[in-house]
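To keep things clear, I will list the structure first and then write my remarks on it.
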Amino acid sequence: MIRVKCFLALFLINPIAGNAQDVFSEAKDKYYAIVDSCERNLLYEEDDLSFLLQPLDQLKLDRHYMLSDFRIPFYKAIHSRVKDESSLRLYVRKKSVKRPHDDYIEEEFLKYRRCSREGKDYKEVQGSIPFTSPFERIKLSGSDMSFWHIYLLDASKRMFGMRNEANYSKEYLVTCPADVDKALSLVKKWEGGEKFYQNIKGDTMEVRKARHMKEVQALVDSLNNLKGRNLAPIITHRADTVYIEHYSFMEFAGLIRRKIAIYHDGKKRKVYGINDFAGEGSNGFDTIARYRHQVWF
């Protein structure tokens, strides 16, 4: 009983001392570092991706399970350009069970997603293995950092391991001034300076160019305005739900503000769902400064 009370207390207070911006940003950077060090090799070729959990020390995966990617291997999918296979699909399976046959992967995932969306019971296709969300086999400490870690794991699908068209929706978390500078440098790189525009002719294109450059300037101003703020994610608790708000930058969306709802069971130290809570339409975020990389309308 004492242990349960102590754990539940962790959901009601913020146990992180010091500068929250530095603490949460450092956690994000550690996660990015291990991903960047292996993205071109292990992430595409290794079946066991459990090493991604190493910097997420507030999460504990059941020792009988492994973390993997429920997609056709990159070397097989590179020529298919199947859009639905473009984003990372982290799942867990028992270490004693072999990877599912490629013929079942797409059908299995689509069935899982359809059942989840419709609130129906899910049962794997005959001859395959079930798609099991990592949340079902991961326990978290209950601290704010553990919820940030579980969010980083879930948001991986928008950050790395992307293929084909999914690369257009890549997201860069903005949790400190250094992240703002990175976003500004990406904009400068993508715009390419006057060299990109020197061959544009005609009144219509000039109007579009002016409109685009106005959009770029608004984005740059918005990013610079963030430098004087505390950019740490805002984490709030309400009963069995934890909300996380943070800034991000996207190549084909601009500067955005996400609000995520994480549904959890405090007694079991488990998460049973993560959803976008606020946003415009189906995007799942609020746009602060719109941007489209060299796309003019």
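The values are calculated or read from the model by the stated rules, or taken from the named source; none is laboratory data. Since the structure is predicted, the reported quantities are computational estimates derived from the model, not experimental observations. In this analysis, Cβ positions are derived from the backbone assuming ideal geometry, glycine residues included, and neighbour counts consider all displayed protein chains. Heads up: the accessible areas ignore ligands, DNA and RNA and are worked out on the full protein's heavy atoms, side chains in. Shrake-Rupley method; radii C 1.70, N 1.55, O 1.52, S 1.80 Å.
Quick notes on this structure:
- For region 53-76, a residue qualifies if it is among the basic types (K, R), within 16 Å of I105 (Cβ to Cβ) and either at pLDDT 95 or above or buried (at least 18 other Cβ atoms within 10 Å of the Cβ) (or both), and exactly one does: R71.
- Within region 221-278, being touching a His at 6+ places or on another chain (Cβ under 8 Å), aromatic (F, W, Y) and assigned to a loop (DSSP other than H, G, I, E, B) holds for one residue alone: F252.
- Residues satisfying the criterion are present in region 160-168 (criterion: surrounded by fewer than 17 Cβ atoms within 10 Å (Cβ to Cβ), among the hydroxyl-bearing types (S, T, Y) and within 30 Å of L219 (Cα to Cα)).
- For region 90-123, taking the residues that are in contact with a helix residue (DSSP H, G or I) (Cβ under 6 Å, 6 or more places away or on another chain) and over 15 Å from G273 (Cα atoms), the one that is most open to solvent (accessible area, probe 1.4 Å) is identified as Y122.
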